[in-house]
């Protein structure tokens, strides 16, 4: 029996060249007028998942 990939994770996570998982930050979709310029700037770039999170993501992306 083959393992299925979690399609939600597949859409939200990119794998870097070195094999790390890159995620986007939360808080950039709505209510942006109330957020400071600094807060919007901090969430501009993605972040690399921590080792404990990476283990969970790797389990959900068996063919990644």
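Compared with the alpha-carbon gap, the fully stretched path from residue 22 to residue 35 is longer by 2.3 nm at 0.36 nm per residue.
In this simple spin-label model, placing a label point 7 Å from the Cα along the Cα-to-Cβ direction at both residue 56 and residue 6 gives a separation of 0.7 nm. To the nearest ten degrees, helix 51-60 and the longest principal axis of the Cα atoms of the chain are 60 degrees apart. Of the residues 32, 47, 23, the one that moves most in a GNM of the chain with alpha-carbon contacts below 10 Å is 32. Calculated mean residue ellipticity, 222 nm, the chain: -9000 deg cm²/dmol, from DSSP H runs (n ≥ 4) at -39500 (n - 2.57) each, averaged per residue and rounded to 500. State, as an integer percentage, the relative contact order of the chain based on alpha-carbon contacts under 8 Å between residues 6 or more apart. Once divided by the residue count of the chain, the mean separation gives 43 percent.
Values in this text are rule-based calculations from the coordinates and carry no lab data. Since this is a predicted model, take the numbers as computed values, not measurements. When we count neighbours, we look across all protein chains shown, and the Cβ atoms used for this are built from the backbone with ideal geometry, even at glycine.
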